[in-house]
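Visitor: Quick one: structure below, then a few questions.
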Amino acid sequence: MKKQIISTDKAPKAIGTYSQAVKVGDTVYLSGQIPLVPETMEMLNGNVEQQIHRVFKNLAAVCEAAGGSLQDVVKLNVFLTDLSNFPIVNQVMAQYFTEPYPARAAIGVASLPRNAAVEMDGVMVIEKQ
């Protein structure tokens, strides 16, 4: 199968040897997003809740560029430098997703790029029309 590279200026540009997302068939593999502001490529200056919102907005922009939405995400991985922030992830996630929710993993990590408190990646499936 042929892979299609997904790119949008409404999410932070890739800052390494990766793409924002890659689509193969009806599956889209979303690269990790941290709370970078797309227009400035600077980290969001805010608390962890604001950082989580920024990450969901970045993911949503890439989903839209691929022809889908967050509702099409079937698997979400959440990386946190402090797992005590997990209840905040649940609270904010409820503002972006409705049932049925995607499968999800929450992983505690020692550090993330640019000292972010949170990073998320995922897999989206877009049904053929």
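Visitor: Please specify each residue of segment 14-26 satisfying the condition of being modelled with pLDDT of 95 or more, under 23 Å from Thr40 (Cα atoms) and surrounded by fewer than 13 Cβ atoms within 10 Å (Cβ to Cβ).
Guide: The answer is Thr17, Tyr18.
Visitor: Can you report the number of residues in segment 86-129 which are part of a loop (DSSP other than H, G, I, E, B), of a type in the set (Gly, Ala, Ser) and over 16 Å from the mean Cα position of the chain (by Cα)?
Guide: The qualifying residues number 2.
Visitor: Specify which of the listed residues (Val73, Val89) is surrounded by 18 or more Cβ atoms within 10 Å (Cβ to Cβ), closer than 13 Å to Met124 by Cβ, at pLDDT 95 or above and not small (Gly, Ala, Ser).
Guide: Being surrounded by 18 or more Cβ atoms within 10 Å (Cβ to Cβ), closer than 13 Å to Met124 by Cβ, at pLDDT 95 or above and not small (Gly, Ala, Ser) holds for just one of Val73, Val89, which is Val73.
Visitor: Suppose we keep only residues that are farther than 13 Å from Ala116 by Cβ and within 9 Å of the chain's Cα centre (by Cα) within segment 27-56. Which one would you say is surrounded by the fewest Cβ atoms within 10 Å (Cβ to Cβ)?
Guide: In this case the residue turns out to be Ser31.
The values are calculated or read from the model by the stated rules, or taken from the named source; none is laboratory data. Computed from a prediction, not measured in an experiment: that's the story for all the values here. Positions of Cβ are generated from backbone atoms using ideal geometry, with glycine treated the same way; all protein chains shown enter the neighbour counts.
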